[in-house]
Amino acid sequence: MKFSAYAEQKETVFNFSLVSCGHIFAEPKREIRRPNGRDDWLLLYIAKGEDTFYFDECVIAKAGSFVIFAPNQKQHHINNTDHTAEFYYVHFKCDNLSDCFALDTSKVYELNFSRQICNVFEEIIEETLNKAMFYEKMCLYKLMHLFCAFEREVAHNNLPEKENYDRVARVIQHINKYYNSDLALLDYAKMCNMSKYHFLRVFSGIVGKTPLEYKNNIRLEHSAELLIDEKLSVEEISFIVGYSSASYFSSAFKKKYGVSPKKYQQRKLGETP
């Protein structure tokens, strides 16, 4: 099943004009085979499931991936799964996409799935259906939004190793200084201007631990130092270093040091258990 909206646009922005857009529900074994492509450009986004694309080699595109086809480029892809897949697409015209964006055609770009990206496609579809005043400009603005978002994410994924290291180093410094904060993975990813899962891969590849594992290790090291101060209880220390539960803190501490926080404290203070 295919849901389409036609733009009927006469106006262009930066030599771009919209032809049509839509939301595709691709049933199992649905195949598109256009040996000579189409006479316009195509942006295709995998929103759910996967599709298999045939270029010089076979490439499986999973949810979050996108593909651009230039005019008259061969298009051949098929849903080889047993489940319905969902795609968004925009057909558009322009002089030369590479004049504006550093993105290749006939290539699967593997990115993390984004609900925000799907929402932008939905907004373009809605604009082309309603055709309110200046909808042409609004559609093209949103299309530029898509290409800018894709180009940024692709660029982040291709950052040189040193630049990735510099970004992760700033997060490491932040964790060491604010180890008792309740910042989540997404917060750290935003510090690096990366998507959540890309940041997780980069951080884990450099540090050898996930951000949460690294932060917990720092917390436990600080808690071991605080346990030597007999004026502080185990419960007080657990909250000082950032744990919301004393029992969870005790369990994590014992896993790292082999003894409970109380026994560790007694040994360091020379007390008899």
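The values are calculated or read from the model by the stated rules, or taken from the named source; none is laboratory data. Bear in mind that the values here come from a model prediction, so they are computed numbers and not experimental data. All Cβ positions, even for glycine, are placed from backbone atoms using ideal geometry, and neighbour counts span all protein chains on display. These accessible areas exclude ligands, DNA and RNA; they are computed on the full protein's heavy atoms, side chains included. Shrake-Rupley method; radii C 1.70, N 1.55, O 1.52, S 1.80 Å.
Considering the options Ala189, Ile206, Asn119, tell which one lies farthest towards the positive end of the dipole of the chain, charges being +1 on Lys and Arg and -1 on Asp and Glu at the Cβ, about the Cα centre.
Ile206
For Leu129 and Tyr165, what is the calculated FRET efficiency with R₀ set at 35 Å and r taken between the beta-carbons, to the nearest 0.05? Present the calculation step by step, with values, prior to reporting the outcome.
Details: r = 47 Å, r/R0 = 1.34.
Calculated value: 0.15.
Mind giving me the FRET efficiency for Arg152 and Thr81? R0 is 30 Å, r the Cβ-Cβ distance, nearest 0.05 is fine.
Details: r = 30 Å, r/R0 = 0.99.
Efficiency for this residue pair is about 0.50.
Could you derive backbone 3J(HN,Hα) for segment 243-250 from the dihedral phi with the Karplus parameters 6.51, -1.76 and 1.60 (θ = phi - 60°), listing whole Hz in sequence and x where the residue is Gly or Pro?
Those phi angles translate into 8, 7, 10, 5, 5, 5, 4, 4 Hz.
Under the Karplus relation 6.51 cos²θ - 1.76 cosθ + 1.60, θ = phi - 60°, what is the ordered set of whole-Hz ³J(HN,Hα) values for segment 135-151, x standing for Gly and Pro?
Result, ordered by residue: 5, 4, 5, 5, 4, 5, 4, 5, 5, 4, 4, 4, 5, 5, 5, 5, 4 Hz.
Using only alpha carbon pairs under 8 Å that are at least six residues apart, calculate the relative contact order of segment 13-82 and give it in whole percent.
42 percent
How much net charge surrounds Ala61 when only the other residues with a Cβ under 11 Å from the Cβ of Ala61 are counted, with Lys and Arg +1 and Asp and Glu -1?
On the way: positive: Lys62, Lys107; negative: Glu50, Asp51, Glu110.
Result for the neighbourhood of Ala61: -1.
What FRET efficiency do you get for Asp182 and Asp56 if R0 is 41 Å and r is their Cβ-Cβ distance, rounded to the nearest 0.05? Display every interim value, and only then the final one.
Working: r = 48 Å, r/R0 = 1.18.
Between Asp182 and Asp56 the formula returns 0.25.
Grab the eigenvalues of the alpha-carbon gyration tensor for segment 121-273, scale each by 5, take roots, and send me the semi-axes largest first in whole angstrom. Show your work: numbers first, answer last.
Numbers: eigenvalues 462, 61, 23 Å².
Three semi-axes, in Å: 48, 17, 11.
Enter the accessible area per residue of segment 180-272 (Å², integer; probe 1.4 Å; all protein chains in place). Present the calculation step by step, with values, prior to reporting the outcome.
On the way: 5360 Å² over 93 residues.
On a per-residue basis, segment 180-272 sits at 58 Å².
For the chain, which whole percent of the accessible surface, found with a 1.4 angstrom probe, sits on carbon and sulfur atoms? Can you show the working numbers first?
Details: 7500 of 15020 Å².
That fraction is 50 percent.
Let me know the shape class of the chain, please: from the alpha-carbon gyration tensor, a ≥ b ≥ c as square roots of the eigenvalues, rounded when a/c is under 1.5, otherwise prolate if a/b is greater than b/c, or oblate.
In terms of gyration-tensor shape, prolate.
Given only helices, namely DSSP H runs of n ≥ 4 each adding -39500 (n - 2.57), what is the per-residue ellipticity at 222 nm of the chain, to the nearest 500 deg cm²/dmol?
Details: 9 runs with 118 residues, N = 273.
After summing the helix terms and dividing by the residues of the chain, the value is -13500 deg cm²/dmol.
Considering every Cα-Cα pair within segment 199-256, what fraction, in whole percent, is farther apart than 13 Å? Don't jump to the answer; show the numbers that get you there.
On the way: 998 of 1653 pairs.
In whole percent, the long-distance tail amounts to 60.
So what is the accessible area of segment 39-140 per residue, in Å², with the probe set to 1.4 Å? Spell out each step's value before the answer.
Details: 4790 Å² over 102 residues.
Accessible surface, normalised per residue, equals 47 Å².
Quick one: putting +1 on the C-beta of Lys and Arg, -1 on the C-beta of Asp and Glu, what dipole do you get for the chain around its Cα centre, in Debye to the nearest 20?
Details: 35 positive and 36 negative charges, 186 e Å.
The dipole magnitude comes to about 900 debye.
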